Amino acid sequence: MNKKCRVRSVPFPRNLMSLCLIILLTTIISISFHMTFFQLQCKCHPSAVFRENFAEISNNNDDDQKEKFGSEDTLEHTYRLRTMKEIRKHLTNMWKAVNFELSSFKNVENNASSVDEAIIRLRERYLHLLAYIEVELEVETEQVVKDASTAKALVQTELQELQNPQDCSEAFYLKVESATCGFGCAMQHLLSRFTFAIGDQRVLVVQNPTNFYGIHDMNEIFESPSPTCSHFEVDQWQDFQSDEQSHNERFLLIKEDDEVRTRFIPQLVPEHIFDLVQRFHNYPYVWWSGQLLSYLMRAKPAVMVETDAVDFPFQKPTVGVHVRRTDKIYLEGENAAFHHLRDYMSHVEDWFLKEETKLALKSENNPKLKRRVYLATDDPMVWKEAKRYYPSYKFLGSVERSKRAKNLRTRDTRKGLIDIIADIYSLSQSNYIVCTLTSEVCKVAYQIMQTHNVDASADIYSLDFPFYFDVQAPMMRLVTLNHVAKESTNEIELKVGDQIDVQVDNHNGYFTGKNARTGETGMYPSYKVENLRSTFKYAKRN
C-alpha cells in the first residue's frame with residue numbers, strides 16, 4: 001500500500017486574504033461547474049447515461065415497465081436527486097483539499113492563528129452549503145420510497161425462495177467452511193461465499209469452525225441460511241474448480257483457504273435489479289451487500305434480547321463512533337493506524353452542526369440538538385477520555401463491553417460475540433458513523449445500515465480507507481475527466497475511459513490508486529472518477 005503523500009500543485013500566495021478569496025472563488029466555480037455539467041447531460045458522463053436509460057424507459061409503451069420504473073416526472077425527480085448526490089460528494093472532497101492546503105500553509109508561513117480562523121470560517125461555509133444540499137436530498141417522493149421498498153422485498157424474497165426450495169432433493173448446494181478469524185472478517189468472508197451461492201443458484205450450507213467465540217454452531221446465534229434444507233444429508237462433496245467446470249456439480253465444497261476465481265463477487269450487483277437500486281441509492285454494491293448480510297445475520301429472538309440489554313434502540317439523532325485498537329493496531333499484517341478520540345469527535349461535531357443548520361434552514365429559529373454518541377470500542381480508556389474532554393455529549397454504549405473486548409480471552413467467548421453483534425446493530429441504527437473502515441466490524445455496521453434507510457451511502461466518515469472488499473476483485477472507478485500529472489508529485493496520469501483500482505483516501509481531495517491501463521500507482525483528484533456499472537447475471541438452471 002502506498003504511503004500518503006502531501007500534494008502541492010501551485011505555489012501559495014503570501015497574502016492570506018488573497019488565498020482565502022481564491023479558495024472561496026474556486027469553491028463557487030467548482031460547484032457551479034458541476035451543476036452545469038450535469039444539466040448539460042454530457043455524453044461522456046455516467047449520469048448522462050443514467051438519464052438516457054430512464055428516458056428510454058419512460059418512452060416505452062410497455063405498461064409493466066412504466067409500473068416498475070414510474071412516470072417521466074418521477075424520472076426527472078430521480079435525476080435531480082442523483083445530481084445533488086454527486087454535487088455533495090464533490091463538495092466534501094473539495095473541502096478536504098481546502099482544509100489540507102490551509103493546514104499546510106499554516107506550517108509554511110508561521111501564522112497559525114490567522115489560518116485557524118480562516119479554517120473556521122470556511123468550515124462554517126462548507127457546512128452551510130452541505131446542509132442546503134441535504135435539505136433538498138431529504139425530499140424523497142413516494143416513488144423513491146416505493147422503489148427502495150420494492151427492491152428490498154424483491155431481493156429478500158429471492159433469497160428466501162432460493163435458500164428454501166420446495167424439494168431439497170432437487171436443489172444444488174454449496175457447502176463452505178467459515179473463516180477462522182474475527183467476527184467482522186468471518187462475515188465478510190461468508191458474504192463472498194454467499195454471493196457465489198446466489199449467482200450460481202445454490203443453497204448455502206455453512207460449516208463453522210470447531211470453536212468460534214465459544215460456540216460450536218453459528219445457528220446458535222443466527223437463523224440458518226436454509227431452514228428447510230440445512231439438514232439434507234449428502235454423502236460426498238466435490239471441490240470447487242471453476243465457474244464452468246463446477247456449475248453442474250450438485251454438491252459443491254469451497255474450503256476456507258480456497259482461492260475462488262468467479263464472476264459472482266460482492267462488488268457486483270445482479271443485472272436485473274441494478275437500475276432500480278441506482279434510482280434511490282448512490283452505491284448499489286453497498287446496498288446489495290447490506291441485503292445479503294442482513295439475511296445472514298438474522299439473529300434469533302433470544303439473542304436479540306441479549307443485545308438489547310444496555311441501550312439499544314436509543315434516541316435519535318445519535319452518531320455512532322467505533323474506535324478500533326488493541327490487536328488491530330499492534331498485530332503484524334494489520335493495516336490500521338492509531339487515531340485519537342479527538343480525530344473522531346471533530347467529525348461528530350461537524351455532523352451535529354450541519355444538522356442544526358438544516359433545521360435552521362427549515363424554520364426561523366436556531367435549534368440546538370442534544371449531542372448523543374453511541375461509542376463502541378475495544379479500549380476502555382476511550383470512555384475516560386470521552387467523559388473528560390466532551391462533557392456536553394451523552395455517550396451511549398457499555399464500558400463493560402469495552403473491557404471484555406480488550407482482553408482476547410474474554411472477547412473470544414459467546415458473551416464477547418454478543419457484545420460485537422450489539423455494537424454492530426447499534427452502530428447501524430445511528431444517523432451517522434465515524435470510524436476506520438479497516439475495521440471489519442464498522443464495515444459490517446455500515447452495510448447493515450443501508451437496510452434501515454433509503455440511502456445511507458453518505459452517512460459515514462472513515463478516518464482511513466474508503467469502503468472496500470478484502471476478497472476477489474479490486475474496487476474499480478471509471479475516469480471521466482483527463483488529468484495531467486504534476487511534476488515533483490506522486491500523481492498519475494488519467495485519460496477518459498481509464499479504470500482505476502482505488503486503494504487509499506488520502507483525506508486531502510486526492511485518492512491513491514492504480515491505473516489499469518498504465519500500471520502506474522499514485523495520487524489523482526477524486527472528482528475525476530465515477531463508479532463503474534458493475535453487474536452479473538444469475539446462472540441458469542433447468
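The values are calculated or read from the model by the stated rules, or taken from the named source; none is laboratory data. As the structure is a prediction and not an experimental result, all values here were calculated from the model. Using ideal geometry, Cβ is built from the backbone for each residue, glycine included, and neighbour counts are taken over all protein chains shown. Surface areas here come from the heavy atoms of the whole protein model, side chains and all, with no ligands, DNA or RNA. Shrake-Rupley method; radii C 1.70, N 1.55, O 1.52, S 1.80 Å.
Evaluate the following for residue 193: is it within 24 Å of the chain's Cα centre (by Cα) and crowded, with 17+ Cβ neighbours inside 10 Å?
Criteria met by residue 193.
Within segment 477-523, track down each residue that is over 23 Å from residue 460 (Cα atoms) and of a type in the set (Asp, Glu).
487, 491, 493, 498, 520
Can you tell me which residue within segment 469-501, out of those that are in a loop (DSSP other than H, G, I, E, B) and within 22 Å of residue 82 (Cα to Cα), is most open to solvent (accessible area, probe 1.4 Å)?
496
How many residues are open to solvent by 20 Å² or more (accessible area, probe 1.4 Å), in contact with a strand residue (DSSP E or B) (Cβ under 7 Å, 6 or more places away or on another chain) and not hydrophobic (A, V, I, L, M, F, W, C) if we restrict to segment 437-448?
Residues that pass the stated criteria total 0.
Kindly establish whether residue 413 is in contact (Cβ under 8 Å) with a residue 12 or more places away in the chain and either in contact with a Ser or Thr (Cβ under 6 Å, 6 or more places away or on another chain) or open to solvent by less than 20 Å² (accessible area, probe 1.4 Å) (or both).
Considered against the rule, which asks whether it is in contact (Cβ under 8 Å) with a residue 12 or more places away in the chain and either in contact with a Ser or Thr (Cβ under 6 Å, 6 or more places away or on another chain) or open to solvent by less than 20 Å² (accessible area, probe 1.4 Å) (or both), residue 413 comes out as no.
Can we say residue 434 is over 12 Å from residue 321 (Cα atoms), touching a helix residue (DSSP H, G or I) at 6+ places or on another chain (Cβ under 7 Å), buried (at least 24 other Cβ atoms within 10 Å of the Cβ) and of a type outside the set (D, E, K, R)?
no
Conditions (1) open to solvent by 50 Å² or more (accessible area, probe 1.4 Å); (2) over 30 Å from residue 230 (Cα atoms); (3) modelled with pLDDT of 80 or more; (4) under 23 Å from the mean Cα position of the chain (by Cα), marked per residue:
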| residue | (1), (2), (3), (4) |
| --- | --- |
| 115 | no, yes, no, no |
| 128 | yes, yes, yes, no |
| 149 | yes, no, yes, yes |
| 161 | yes, no, yes, no |
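What residue, among those in segment 260-282 that are surrounded by 20 or more Cβ atoms within 10 Å (Cβ to Cβ) and of a type in the set (Phe, Trp, Tyr), is farthest from the chain's Cα centre (by Cα)?
So the residue we want is 264.
One residue is enough: does segment 452-462 have a residue meeting the conditions touching a strand residue (DSSP E or B) at 6+ places or on another chain (Cβ under 7 Å), in a loop (DSSP other than H, G, I, E, B) and free of Cβ contacts under 8 Å to residues at least 60 places away in the same chain?
Taking every residue of segment 452-462 in turn, at least one turns out to be touching a strand residue (DSSP E or B) at 6+ places or on another chain (Cβ under 7 Å), in a loop (DSSP other than H, G, I, E, B) and free of Cβ contacts under 8 Å to residues at least 60 places away in the same chain.
Take the residues of segment 370-393 that are in contact (Cβ under 8 Å) with a residue 24 or more places away in the chain and surrounded by fewer than 13 Cβ atoms within 10 Å (Cβ to Cβ): which is nearest to residue 319 (Cα to Cα)?
Per the criteria, the residue is 370.
Can you name the residue in segment 449-463 that is open to solvent by 10 Å² or more (accessible area, probe 1.4 Å) and not hydroxyl-bearing (Ser, Thr, Tyr) and is also farthest from residue 425 (Cα to Cα) among such residues?
463
Applying the selection to segment 196-241, what residues are part of a helix (DSSP H, G or I) and surrounded by fewer than 19 Cβ atoms within 10 Å (Cβ to Cβ)?
219, 220, listed by residue number.
Quick one: is residue 166 open to solvent by 10 Å² or more (accessible area, probe 1.4 Å) and within 25 Å of the chain's Cα centre (by Cα)?
no
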